[in-house]
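What follows is one structure encoded as structure tokens, with my remarks underneath.
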Amino acid sequence: MSRGLGQSAADRADEAAQVDDLIGIGFGPANLALAIAIDEHNRTGPAQALQVRFLEQQERFGWHRGMLLEGATMQVSFLKDLVTMRDPRSRYTFLTYLQERGRLADFINQKSFYPTRLEFHDYLEWCAAQLTHQAGYGRRVVAVHPVERDGRVALVDVVSESVTDPADRRTHRARNVVVGTGLKPRLPAGVEAGERVWHTRDLLFRAPRLTDRPHRRFTVVGAGQSAAEAVEYLYRTFPDAEICAVVGRYGYSPADDSPFANRIFDPSAVDEFFGAPDEAKRTLLGQHANTNYAVVDGDLIEQLYRTVYQEKVAGTERLRILNASRLTGVEPGEDGARALVRSLTTGEELVLESDAVVLATGYDHVDPRELLGELAAACVTDAAGRLRVERDHQLLTADHIDVGVYLQGGTEHTHGITSSLLSTLAVRAGEICDSLLLRLTGDELRLDEAAGLAAN
Ligand code: FDA
């Protein structure tokens, strides 16, 4: 098995003009953090500068734009920005961003570690704007092909198409790839998204279009943060509509963000998790699921509860929490959708005629093998069929693969709960950058050795 030492140094010298050291697939926060780490490295060590390119299907930088709800706050401290945990002196810190925007003192006076998502999005855009030279927007990666020579694979061709003109296909060659394509929306079995059936991912692209009054009802399915935020947003935005929240639990449960539990998001926790036996990994993921999955920020729970109670006092009920209930089906119609809901306690069936049904049903990992094509067969898996990933976030591949394939996300089974979150992005970016440099140095040492042999 090989973790890939890169192609031969002589080839590398020949092809340096047209071969990138790294191509990143996706340019969300994870690959943006990596772009920054590489940019900072390139500035300090131009002799070993890495030539990199990130391909992003969106036409401009965007971080979950469909959920940039007014007032919604970050679930992590601003200190877990794209760089601070790796290098607090970086020019890409959230504090430098605030200073440049002229809001440093104002932010401090808020006495909060949690900026709004809108503000954090602006920070991310501010970072991305400084790295446009590395980014190719509006390009969806559709395939990765291994380039084989003498039985070895030292390069890959990354094929992308323009999102506005799929006939515009381009191929870029690279020594390494990093897959940072994020998660995909999960829908309940048998339910399809459509005009009036939305995953929360699309909330702000869809809801503001429903301007025609009167509104009847919106039904929101789910028990997590996005569900609670969607309920709050719809309640506030459509004052003539009833909002029905279908929650499988008895009610919304709070996220555990207490200090000891929060350590599960520390960079050192990745080390510990990585080295732990499988059984311990499973236990830890189960024990700490309530830091992230199907849980809601405590303040938002209080706010929604207060609203329900105040409506009770007033004798009106516009916000209905249908707890211990399950969605059993969705029937889309001309000007709305019907949500079919069953109570888990009484078995009662409800039909909720809705202007729209909003599915806050979470996200799934995308198996990177879908993109890796023939390379997928060379990926080493464990007994459960999961990809084996090294500590430096590189896929373990068959011996003849010299290309480095890195993963940003989809590594919860090896690197723990932070795999698809922001908490450790800064540190992880540094680790991947260091690993790339190690491969590059290995190549150059071999080039020197080859030159030495030739001279003898
Ligand atoms: P992300 O999904 O952000 O980016 C992947 C990028 O790849 C996208 O831009 C996509 O367009 C692109 N892409 C996909 N396939 C492609 C292809 N084939 N070709 C080219 N481009 C492609 N976490 C946290 O720690 N704190 C928080 O406060 C929040 N808040 C939060 C709010 C909401 C509403 C959501 C949905 C999620 C969060 N998260 C979060 C979790 C979230 O996963 C995390 O914040 C980052 O989005 C992870 O960044 P990535 O770059 O890994 O994925």
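The values are calculated or read from the model by the stated rules, or taken from the named source; none is laboratory data. Worth saying up front: this structure is predicted, and the values here are computed from it rather than measured. Note that we place each Cβ from the backbone using ideal geometry, even for glycine, and neighbour counts take in every protein chain shown. These accessible areas exclude ligands, DNA and RNA; they are computed on the full protein's heavy atoms, side chains included. Shrake-Rupley method; radii C 1.70, N 1.55, O 1.52, S 1.80 Å.
Summary table
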{"quantity": "Residues being part of a strand (DSSP E or B) and out of contact with any Pro (no Cβ under 9 Å at 6 or more places or on another chain) - total across region 53-73", "calculated": "4"}
{"quantity": "Search result, residues across region 318-330 that are in contact (Cβ under 8 Å) with a residue 40 or more places away in the chain and more than 11 Å from TYR235 (Cβ to Cβ)", "calculated": "ILE321, LEU322, ASN323, ALA324, SER325, ARG326, LEU327, GLY329, VAL330"}
{"quantity": "Test: residue in region 257-267 that is more than 30 Å from LEU79 (Cα to Cα), more than 16 Å from the ligand (Cβ to nearest atom) and out of contact with any helix residue (DSSP H, G or I) (no Cβ under 6 Å at 6 or more places or on another chain)", "calculated": "no"}
{"quantity": "Residue among GLN51, GLN7 that alone is more than 15 Å from the ligand (Cβ to nearest atom) and modelled with pLDDT of 95 or more", "calculated": "GLN51"}
{"quantity": "Top-ranked residue in region 98-129 [being of a type in the set (A, V, I, L, M) and in contact (Cβ under 8 Å) with a residue 60 or more places away in the chain; ranked as farthest from GLY28 (Cα to Cα)]", "calculated": "ALA129"}
{"quantity": "Among the residues listed as VAL427, VAL405, the single one being in a strand (DSSP E or B), under 22 Å from the mean Cα position of the chain (by Cα) and in the same structural domain as MET74 (by TED's automatic domain parsing)", "calculated": "VAL405"}
{"quantity": "Whichever residue in region 381-430 is of a type in the set (D, E, K, R) and within 12 Å of the ligand (Cβ to nearest atom) and, among such residues, is least open to solvent (accessible area, probe 1.4 Å)", "calculated": "ARG428"}
{"quantity": "Tabulated pairs, region 262-274, first touching a residue at least 60 places away in the same chain (Cβ under 8 Å), second surrounded by 15 or more Cβ atoms within 10 Å (Cβ to Cβ) and of a type in the set (Gly, Ala, Ser), C-beta under 7 angstrom, 6+ apart or interchain", "calculated": "PHE265/SER423; ALA269/GLY416; VAL270/GLY416; PHE273/GLY416"}
{"quantity": "Subset of region 170-196 (residues that are open to solvent by 50 Å² or more (accessible area, probe 1.4 Å) and within 13 Å of the ligand (Cβ to nearest atom))", "calculated": "ARG170, THR181, LEU183, LYS184, ARG186"}
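Residues are listed down the side, and each one gets a yes or a no for (1) more than 25 Å from the chain's Cα centre (by Cα); (2) in contact (Cβ under 8 Å) with a residue 12 or more places away in the chain; (3) open to solvent by less than 30 Å² (accessible area, probe 1.4 Å):
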site: MET74; (1), (2), (3): no, yes, yes
site: SER77; (1), (2), (3): no, yes, yes
site: THR96; (1), (2), (3): no, no, no
site: GLY151; (1), (2), (3): yes, yes, no
site: VAL159; (1), (2), (3): no, yes, yes
site: ALA167; (1), (2), (3): yes, no, no
